[in-house]
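Quick note: the coordinates plus some simple rules give every number you see, no bench work behind them. In this text, all values refer to a predicted model and were calculated from it rather than measured experimentally. Note: ideal-geometry Cβ built from the backbone for every residue, glycine included; neighbour counts use all protein chains shown.
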Amino acid sequence: MPQLVDHHCHGILREDLTRDGFEAYLTESPDPAPPGTSFFDTQLGFAVRRFCPPLLGLDPHCEPDVYLRERAKLGAEEVARRLLTAAGIAEFYVDTGLPGDLTTPQELAGLSGATAREIVRLEHLAERTAAAAKDPAEFLAVLDGRIAEAARTAAGFKSVVAYRHGLDLPPEPPGRRAVEDALARWLPTGGARITDPVLLRHLLWSAARTGRPLQLHTGFGDPDLRLHRADPLLLTEFIEAVRPTRCTLVLLHCYPYHRQAGYLAQVYPHVYADLGLTLSHTGARATAVLAEMLELTPFGKLLFSTDAHGLPELYLVGARLFRDAAAEVLGSWVERGAWADADADRVRDLVGAGNARRIYA
Amino acid sequence: MPQLVDHHCHGILREDLTRDGFEAYLTESPDPAPPGTSFFDTQLGFAVRRFCPPLLGLDPHCEPDVYLRERAKLGAEEVARRLLTAAGIAEFYVDTGLPGDLTTPQELAGLSGATAREIVRLEHLAERTAAAAKDPAEFLAVLDGRIAEAARTAAGFKSVVAYRHGLDLPPEPPGRRAVEDALARWLPTGGARITDPVLLRHLLWSAARTGRPLQLHTGFGDPDLRLHRADPLLLTEFIEAVRPTRCTLVLLHCYPYHRQAGYLAQVYPHVYADLGLTLSHTGARATAVLAEMLELTPFGKLLFSTDAHGLPELYLVGARLFRDAAAEVLGSWVERGAWADADADRVRDLVGAGNARRIYA
Amino acid sequence: MPQLVDHHCHGILREDLTRDGFEAYLTESPDPAPPGTSFFDTQLGFAVRRFCPPLLGLDPHCEPDVYLRERAKLGAEEVARRLLTAAGIAEFYVDTGLPGDLTTPQELAGLSGATAREIVRLEHLAERTAAAAKDPAEFLAVLDGRIAEAARTAAGFKSVVAYRHGLDLPPEPPGRRAVEDALARWLPTGGARITDPVLLRHLLWSAARTGRPLQLHTGFGDPDLRLHRADPLLLTEFIEAVRPTRCTLVLLHCYPYHRQAGYLAQVYPHVYADLGLTLSHTGARATAVLAEMLELTPFGKLLFSTDAHGLPELYLVGARLFRDAAAEVLGSWVERGAWADADADRVRDLVGAGNARRIYA
């Protein structure tokens, strides 16, 4: 089983979960499922029921309550250990910017004998910095230091500007004066959710200038975003403007605009793409979506990730769906004579691990 | 054969049709097919030729003229009886707002021993009301009464705001004064086609406040709309604004933005989606399109419909394409071990009937 | 093997190519592939390695360097002769507006015993005209004459307004005065790249008024365009405005907006669509993309092309991908009983040649 590098994921919860608590991680909705429905009745719910019960000694597709009962009996840590080990992920690049009592990158890696690196979420870094800085000049100095430090120690940066504003931002870096003015308005909030487009752009450019890879959420997510403002094509001008910094941009998730992301990855040398969240949430359709992503995206430009968060189940599901989908898609092309067998193996390994190792090196 | 609830359809024509008259119902174009082409040469045309001739004692895929000759010989009513009965639809929810001499919901149901309920088209209701109201105050009072009456007697409401303006409307309800001003401009037309965005929004909010399901045309249709202004994502702000009314929104058709609709159905508890017009017009591709819709849409949020209009053929085609597509898509997932057999049956029944029965109850 | 009409292609290079020079034609990127990657690692690169080596006596999927060595040994002309002949294209309609030392339509046709017609690229025609015209009045007179001449002798016109401005142009023809003012600004440049929207619209309308088919680049291409401004739906108002001229509009390429293009082809009698560039660049996925295009597009409205440019390989790849994809897509529908066998053959021949012959007659 070829190893995987999961270049974008999050920590998992330490505590046991109720059914409602568990279901909340099977959807991008912040609300409970409406009466008469369940978030287990989704592609992701079905994929969890397919892949996870056997690791707990149960039949695939067993009822959710049967699964959750056995899960509680074994305890969150033992379940995490089993599922994470079965996922076969060799390296985790963990975005540590999500709230909640989640495992650290080292804890996560420790559960399965993998290694871990950190991905620094820019908006979270700025909010933490704001809480301690008394004026714009101090904030900017501390922020610069922290970004420089992260560039030395972390695998890369991540931005959720898609959630905070939308990807339709002016492409050029904001001037120092505009940034200071925006800080003068925002710092007094003590680090409230950062949404000022001037500050969001300052973060993007500060990260880009380090030359480290910069991950950008694009496509679907929770309804805190507006999906049509998360089309990665809206980044086109920024992609062109930022190119002289020699940074690498990684478009995350992308669905349903993944063909658009594939186009950007083809025409811009510094643009890469992933399908993290997408394969998990499309479940039995991961095969079809991966195939679509392999239309325009050069094979040296696509990266595997799970975007797993909260549940160890999501690592296993993400890894299994990717492995199965890659085997099915590439295998069918080999069978039809469209691809050579050796090329199929090579592309699978590039997407699963090699591309990430190369660009985050 | 599990029964179906067709939650969105229209009446059928009573008279026999010429070839040109028949072809006009095989396309969303209001124009004749250009020289050298025929609207029978479409996925919908081929689907009609596949499913309908056997009900008239002919071979599948017989030539259009052979089919139309036999159809004329049997007569419109006998043909309707045969095709509608074969469709196996147990309940019709009929949008009665289309012009022309079409069957009533009761007539339609009577042809196949089904039951029928009405869907009230808001713009049509307003236009009928305008024809009789002498001033804004009277209009609003009569409209309120008719909407309240419809909320008691009909299955739900429908809006074609996508045709009349586009889905990019301000989300909030218009103020009373703005509505009265708009009425002062529009009422003197005696009920002309309603396109004023203030009035269109007033209709949407009036229906939403009743708490009954509100169907919204989204995606493709005749060229009276602008397709890029019918992307259901343009409704996002309205979806959020209207949520406190506790109404249910059903996004109709959706293509080619059906993945976007599936996203909305996943993240908003009060949003549902359908593929009515889409499956019929994509014919042999209905399988693929249904599969795409089953990516993000929770399985308790998708509804079958035919959107059949004018021709009884369209009921049979819509029902057969849905049944076959569901069997093929879900069956292939069961075969690959991705889904359990019992889950596949349950999801098929939810989409075919259960979800509609629950939300229109 | 049914013959094909390639209604949109370009000339090929006469000289032998280095590996970098060859790779540059396998991508829409103007940049070299970033370190560690190669443009051979794309669907188009794999398709070239699949279809072309056997024509040079090599195994399919041989290494790029092996292929290029043999190619150099045989020489560009002999390779072109073999690949073009194997493509089985009976008629080439050649857009002559690309720069570089490319074969003429007659040379191209001569290599494979086919016939050739010219497609006149409007922007190129204007730029050539500008270089010689001393004032707006003279420019317009000469341009009118050249367009009238092209209407008599060429197969049709092509516009790359998607590259020069985006498809979001005001739909109506610009007034004479506005055109003259724009010319007064532009003519002194001596024929620089034309980007003024007034002049671009004047070209579109001048071509449309001749009644000859007008090809419009839509969808993806090199990063000189903004993909979201190349959605063919942005042409909707122009499509309606230009209809009285009785011209035929052919939407080229379309991806990833090919479903949107199919919609336009269904609802407007004068709109046609093609998948030229798209099938080549999606390679093993050409089957799936062609199937999507056959959802709403009436079968009398879709046209085969290769959009081949520079490399004779691209003719063979485009033709083989189309033939194989059509056989697989239509064949699977026949197998499932969705289509009749005779209809499948008929549709394949319409798309491959018949539709082009009819509309460019």
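Quick notes on this structure:
- Whichever residue in region B:25-67 is charged (D, E, K, R), within 23 Å of B:Glu15 (Cβ to Cβ) and free of Cβ contacts under 8 Å to residues at least 60 places away in the same chain and, among such residues, is surrounded by the fewest Cβ atoms within 10 Å (Cβ to Cβ): B:Asp65
- Extreme residue, farthest from B:Tyr255 (Cα to Cα), among residues of region A:232-255 that are buried (at least 24 other Cβ atoms within 10 Å of the Cβ) and not β-branched (Val, Ile, Thr): A:Leu249
- Residue check for C:Gly283: crowded, with 21+ Cβ neighbours inside 10 Å, in contact (Cβ under 8 Å) with a residue 24 or more places away in the chain, assigned to a helix (DSSP H, G or I) and at positive phi: yes
- Annotation note: of A:Arg121, A:Arg152, A:Arg128, the sole residue that is surrounded by 21 or more Cβ atoms within 10 Å (Cβ to Cβ) and either more than 17 Å from A:His8 (Cβ to Cβ) or touching a residue at least 24 places away in the same chain (Cβ under 8 Å) (or both) is A:Arg121.
- C:Gln3 meets all of the listed conditions (1) within 19 Å of the chain's Cα centre (by Cα); (2) buried (at least 18 other Cβ atoms within 10 Å of the Cβ); (3) over 28 Å from A:Arg357 (Cβ atoms) but one, namely (2).
- For region C:156-163, the condition holds for no residue, the condition being that it is in contact (Cβ under 8 Å) with a residue 24 or more places away in the chain and within 30 Å of C:Gly75 (Cβ to Cβ).
Residue-wise test of (1) in contact with an Asp or Glu (Cβ under 7 Å, 6 or more places away or on another chain); (2) hydrophobic (A, V, I, L, M, F, W, C); (3) under 30 Å from C:Ala356 (Cβ atoms).
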position: B:Phe22; (1), (2), (3): no, yes, yes
position: B:Thr27; (1), (2), (3): no, no, yes
position: B:Thr37; (1), (2), (3): no, no, yes
position: B:Gln43; (1), (2), (3): yes, no, yes
position: B:Pro53; (1), (2), (3): yes, no, no
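- Number of the condition not met by A:Val351 [criteria: (1) out of contact with any His (no Cβ under 6 Å at 6 or more places or on another chain); (2) within 12 Å of another protein chain (Cβ to nearest Cβ); (3) without any contact (Cβ under 8 Å) to a residue 24 or more places away in the chain]: (3)
- Any chance C:Ala327 is over 24 Å from C:Pro269 (Cβ atoms) and in a helix (DSSP H, G or I): yes
- Just so you know, in region C:258-285 the residues that are closer than 25 Å to A:Ala338 by Cα and hydroxyl-bearing (Ser, Thr, Tyr) include one that is farthest from the other protein chains (Cβ to nearest Cβ), and it is C:Ser280.
- Test: residue in region C:120-127 that is assigned to a helix (DSSP H, G or I) and basic (Lys, Arg): no
- Meets criteria (in contact with a His (Cβ under 8 Å, 6 or more places away or on another chain), surrounded by fewer than 24 Cβ atoms within 10 Å (Cβ to Cβ) and in contact (Cβ under 8 Å) with a residue 60 or more places away in the chain) for A:Thr210: no
- Residue that is nearest to A:Leu249 (Cα to Cα), among those in region A:298-344 that are at the interface with chain C (Cβ under 8 Å from one of its Cβ atoms) and within 24 Å of the chain's Cα centre (by Cα): A:Lys301
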